[in-house]
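Take a look at the structure below.
The values are calculated or read from the model by the stated rules, or taken from the named source; none is laboratory data. What you are looking at is a predicted structure, and each value in this text was computed from that prediction instead of being measured. Here the Cβ is made from the backbone with ideal geometry for all residues, glycine too, and neighbour counts use every protein chain on show.
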Protein chains: 2
Amino acid sequence: MDVQKIEAFVRVWAALLLLLTACLVGLDTQSKYIFYVDRKITYKELHALGSVFVSRYLGNSKGSYRYLAWVSYLLDQMVVYIAFGTNSAAVEHSVLALSGMKEFQWMKWCNKFTRFCFQIGGALVSGYAACALMVLATSISAFNLFRLYSSEKFLRLKSA
Amino acid sequence: MDVQKIEAFVRVWAALLLLLTACLVGLDTQSKYIFYVDRKITYKELHALGSVFVSRYLGNSKGSYRYLAWVSYLLDQMVVYIAFGTNSAAVEHSVLALSGMKEFQWMKWCNKFTRFCFQIGGALVSGYAACALMVLATSISAFNLFRLYSSEKFLRLKSA
């Protein structure tokens, strides 16, 4: 099977899942209470969405392939860590909203806004699925970059 | 410069920084209030610490090098995402402790326990520095793995 097809498939699915996550968070309202932190995540994930496509576009171009492979690799790394970090932060926030924290006198909220919290939970699952796919995409871009190099000498190109 | 030396250098520093993070969090007490979530992170980071060395050890062995390179790569990926995810969750928790959250009626705590919060802040900075080094180590292990493969055909070994 062609690596380019696999990569395109993985990237499209990651982008769709990120979009689903953003929609689930953005369209989630149950009352006048607003989860400010979760809103911030929507915004950041939409940024990540753009980068997933930019990286794909660059990886696909011809000419001075090695530099584009480096750009694609570094961009992929950035996107996957931003998406993963924001997702983890959202999980931490959600766990606190779910269970509260007695030591801090922080009350729990999800017993009051059940449907809202379920939707956020779905968004987080979808976000992690997107992250898993992006990790795969990152591996493929690492593969595309590093196989250009010699297996004997450090950072020496194969053609050199 | 030798790639093995760079890799060893990066891994030792990442491990030291993780250890520093764990110590900063673990030895941080200012009163009877305990940050349960931050304690959990200590525990997970100590796990990560072990894996940093395991991965180094495997990457260094001889014989059936390709399989060991795969194990090293996958282990590195796991460790870096676990450390990064827990660190991001801790940052989210710390931001909430620092600023509180009016919408949830969650009060801020860091104005009451200033020294404690500064130490946690230092731990988080050290944790992120360790993550950055581990990302570098992961790139090196990806390099060591993928340069074994042919640059023309997908997942075909060079020697084949």
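Suppose the filter is exposed (fewer than 13 other Cβ atoms within 10 Å of the Cβ) and either modelled with pLDDT under 80 or over 20 Å from the mean Cα position of the chain (by Cα) (or both); does A:ILE34 pass it? Yes, satisfied. Pairs are defined by a Cβ separation below 6 Å, a sequence spacing of at least 6 or placement on different chains, a first member in region A:5-21 that is in contact (Cβ under 8 Å) with a residue 40 or more places away in the chain, and a second member that is among the polar types (S, T, N, Q) and in a helix (DSSP H, G or I); the pairs so defined are A:LEU17/A:SER126; A:LEU20/A:SER126; A:THR21/A:SER126. Restricting attention to region A:94-151, the residues being closer than 30 Å to A:ILE6 by Cα and part of a strand (DSSP E or B) number 1. Condition first: without any contact (Cβ under 8 Å) to a residue 12 or more places away in the chain, farther than 21 Å from B:ALA132 by Cα and among the small types (Gly, Ala, Ser). Now tell me which residues in region A:79-105 satisfy that. Within region A:79-105, A:SER99, A:GLY100 meet the criteria. There is at least one residue in region B:66-84 that is at pLDDT 60 or above, in a helix (DSSP H, G or I) and under 20 Å from B:GLY122 (Cβ atoms).
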